Amino acid sequence: MTDLALLAYALIVKLHIAAGVIALIAFWTAGFARKGRGGLHVSAGSIYLMAMRAILITGLPMALSSFIKGHPGQGVFLSYLVVLVATTVFVAPRAVRFKQDFDGFRSGAYRFYAVLLPATALAAMSYGLVAGNALLIGFPVVGLVIGTGMWRNLRRASPDAGWWLKEHYGAMIGNGVGTHIAFLAIGLSRLLPKAQAETAQLLAWFGPLTIATIAIVLLNRRHRRRHSQPLLVH
């Protein structure tokens, strides 16, 4: 790489890290803020989505650079992460915007992501199995779960009551999993000695994924209590 290319890449990495820090702060701010129209929750959520879009923009050249440098495992990880984040960043605000129009919500680009995400997750998992990479074996489970939910939406004749809220917080939690796994697997592991870094990478996907699963179960349980009656949309 030329000096100019190296300088440009270094700038991209710094922007990526800065966006990641902002995303982590905004994620937890939105998570703990009171929910409802307007207020801190909406503002922090908007900042979070903007930070995630910046992560997308900077993450793609980083993924390509990993392949060029001969680090296919990291390239596969970042490529899958880009697709996962692109999907959840697309779904989260769309669910709120189309909360009165289920057919509109699942039309257009939604169908594209419903195919792209699980396909990318399966490709990343396959690479992980061949390479013996625990992170790439476990992390794609998130994409497969989200992709399965998207396919269920495409096949449904009508949505459940309050469907949009479930789609919104599900996508945001999926976003959060990606953010935290990326931080723990790539960022934190680089700060630790090699022996500890390997352990950190093994736990990087397990911790956030476990917490996210518990959060989804609890939120879904509360969601079912609030919306016990089916909603018919023609």
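The values are calculated or read from the model by the stated rules, or taken from the named source; none is laboratory data. Owing to the predicted nature of the structure, the values given are computational and were not obtained by experimental measurement. For neighbour counting, all protein chains shown are included, and Cβ atoms are generated from backbone atoms with ideal geometry for every residue, glycine included. Each accessible area value is taken on the protein alone, full model and side chains, heavy atoms only, with ligands, DNA and RNA left out. Shrake-Rupley method; radii C 1.70, N 1.55, O 1.52, S 1.80 Å.
Numbers at a glance
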read-out	value
Note, ³J(HN,Hα) from phi for segment 210-215, Karplus 6.51, -1.76, 1.60, rounded to Hz, x at Gly and Pro	5, 4, 5, 4, 4, 4
Pair Arg155, Val21: separation of 7 Å Cα→Cβ label points (nm)	4.6 nm
Accessible-area composition of the chain, carbon plus sulfur, in percent [1.4 Å probe]	69 percent
Peptide ranges 164-172, 46-54, 95-103 listed from the most packed, as the mean C-beta count within 10 angstrom indicates	164-172, 46-54, 95-103
Probe 1.4 Å, protein heavy atoms only - accessible area per residue of the chain in square angstrom	56 Å²
Gaussian network model of the chain, Cα within-10 Å springs - most flexible of Ala44, Ala109, Ala23	Ala109
Full-stretch length increase - Leu4, Ala33 - with 0.36 nm per residue and alpha-carbon distance subtracted	6.1 nm
Where labels lie 7 Å past Cα in the beta-carbon direction, separation of Arg97 and Ile57 in nm	1.7 nm
Theoretical gain in end-to-end length, Thr213 to Lys69 [0.36 nm per residue, Cα-Cα removed]	48.3 nm
Segment Phe112-Arg222, extension gain: residue separation times 0.36 nm, minus the distance between their alpha carbons	36.5 nm
For segment 91-105 and segment 42-66, distance of Cα centres in Å	22 Å
Distant-in-sequence amide H partners of Phe98 (H built 1.01 Å from N, under 5 Å)	none
For segment 114-127, Karplus couplings with θ = phi - 60° (6.51, -1.76, 1.60), whole Hz, Gly/Pro x	5, 8, 5, 5, x, 5, 5, 4, 5, 5, 5, 5, 4, 4
Diffusion coefficient, µm² s⁻¹, Stokes-Einstein with Kirkwood Rh over alpha-carbon pairs of the chain at 4 °C and 1.567 mPa s	70 µm²/s
Estimated dipole of the chain in Debye, rounded to 20 [Cβ of Lys and Arg +1, of Asp and Glu -1, Cα centre]	860 debye
Over 13 Å [Cα-Cα, segment 80-123], rounded percent	53 percent
Charge dipole of the chain about the Cα centre (unit charges at C-beta), most positive-ward option of Gly149, Thr88, Pro208	Gly149
Whole-Hz ³J(HN,Hα) from phi, Karplus 6.51 cos²θ - 1.76 cosθ + 1.60, for segment 78-85, glycine and proline x	5, 5, 5, 4, 4, 5, 4, 5
Over the chain: helical MRE at 222 nm, DSSP H runs n ≥ 4 each giving -39500 (n - 2.57), nearest 500	-27500 deg cm²/dmol
